[in-house]
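I have placed the structure first, in the form of structure tokens, so that the comments after it can refer back to it.
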Amino acid sequence: MRAINRGKLPGKQSNGKQPSLAQLRAFAAVAEHLHFRDAAAAIGMSQPALSGAVAALEEALGVQLLERTTRKVLLSPAGERLAVRVRAVLGEVEALLEEADAVKAPFTGALRLGVIPTVAPYLLPTVIALVHEEYPDLDLQVHEEQTSSLLEGLAAGRLDLLLLAVPLGVPGVTELPLFDEDFVLVTPLDHWLGGREGIPREALKELNLLLLDEGHCLRDQALDICREAGRADAPVATTAAGLSTLVQLVAGGLGVTLLPRTAVRVETSRSNQLLTGYFADPAPTRRIALAMRTGAARAAEYEELARALRGAVRPLPVRVV
């Protein structure tokens, strides 16, 4: 049985050459206009050059794309099928060029920001407002995760920038400090330290301190503060997955907890059964920073964003670094 010729040029095989973009554009124009003169005018090419480009494409592919007559141009069956592919390829090339232009423009495109849970509810309103006002073309995408997960995402390229407590001490990660904030003591109404100022850190040795679950950096910071105060044991009788639950446990009289200053207004406003106590100087603190991959391609943008954030957080109860 003889094989059926499905559009291949007689006696021709693909010569292994890659089609050029100029050839693909020429063929796409002819496929759209079905007229060499109109197609040439549409893409700003001379008619002989257009005809030569289409012929070269046929040669490279080893198939006949057009049926030429004295009056009109028609697509061959192979040309009908390949025209769809050519248009898709040219569309992707155009998208590539547009994306490259977007990448070259600062503060455009996607920014995948990872944030720890003990920062996200209190800092994100400021971050989002800043981005909307100063960088309207930036596509901010927020991911709330614990520190270990954020660092894995940064290393793998899943995340671009992190907003979290430092120091991290992780090789290959550059920290851009933003601010320091004090911890305060949140107590039930009837607690003897409720509402006091100048609380000595040593008082933590005798308190029933409620903590976040394992994996939260704020838990580790609270334990460090307790050790600095001279407390040897780790209070773990009751824990919570988030600060909101932790504060409600305090309101119920189950103990006391430590909150960063940026969280106080949001978390304590939910109950009238709470008081806030303040430590004597120097109060226990934490530092919040942006973190990026060392040598990141957008490092200059991230440094500029850090500078802008330092200005934006000044109205908050923090000390800008």
Could you list, in sequence order, all residues of the range 275-295 that are in contact with a strand residue (DSSP E or B) (Cβ under 6 Å, 6 or more places away or on another chain) and of a type outside the set (Gly, Ala, Ser)?
275, 276, 278, 279, 284, 285, 286, 287, 288, 290, 292, 294
Which pairs have Cβ atoms under 6 Å, sit 6 or more apart or on different chains, and link a residue in the range 287-309 that is among the polar types (S, T, N, Q) to one that is not in a strand (DSSP E or B)?
294/172
Those residues of the range 112-155 which are in contact with a Ser or Thr (Cβ under 9 Å, 6 or more places away or on another chain), within 14 Å of residue 218 (Cβ to Cβ) and among the hydrophobic types (A, V, I, L, M, F, W, C), in sequence order:
116, 119, 123
From the set of residues in the range 206-225 that are free of Cβ contacts under 8 Å to residues at least 40 places away in the same chain and either of a type in the set (Phe, Trp, Tyr) or open to solvent by 40 Å² or more (accessible area, probe 1.4 Å) (or both), which is nearest to residue 249 (Cα to Cα)?
213
If I filter the range 147-162 for residues that are of a type in the set (D, E, K, R), closer than 30 Å to residue 314 by Cβ and either out of contact with any Lys or Arg (no Cβ under 6 Å at 6 or more places or on another chain) or not in a helix (DSSP H, G or I) (or both), do I get at least one hit?
yes
If you go through the range 149-205, how many residues are over 29 Å from residue 282 (Cβ atoms), open to solvent by 10 Å² or more (accessible area, probe 1.4 Å) and not charged (D, E, K, R)?
6
Can you name the number of the only condition in (1) in contact with a helix residue (DSSP H, G or I) (Cβ under 7 Å, 6 or more places away or on another chain); (2) at pLDDT below 90 that residue 318 fails?
(2)
Output yes when any residue across the range 252-268 is polar (S, T, N, Q), open to solvent by 20 Å² or more (accessible area, probe 1.4 Å), at pLDDT below 95 and farther than 26 Å from residue 130 by Cβ, and no when none is.
no
Pick from 278, 302: which is more than 24 Å from residue 153 (Cβ to Cβ), modelled with pLDDT of 90 or more and either surrounded by 19 or more Cβ atoms within 10 Å (Cβ to Cβ) or of a type in the set (Phe, Trp, Tyr) (or both)?
278
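The values are calculated or read from the model by the stated rules, or taken from the named source; none is laboratory data. Computed from a predicted structure; not experimentally measured. No Cβ is skipped: glycine too gets one built from the backbone with ideal geometry, and neighbour counts run over all protein chains shown. We work out accessible area using only protein heavy atoms, side chains counted, and drop any ligands, DNA or RNA first. Shrake-Rupley method; radii C 1.70, N 1.55, O 1.52, S 1.80 Å.
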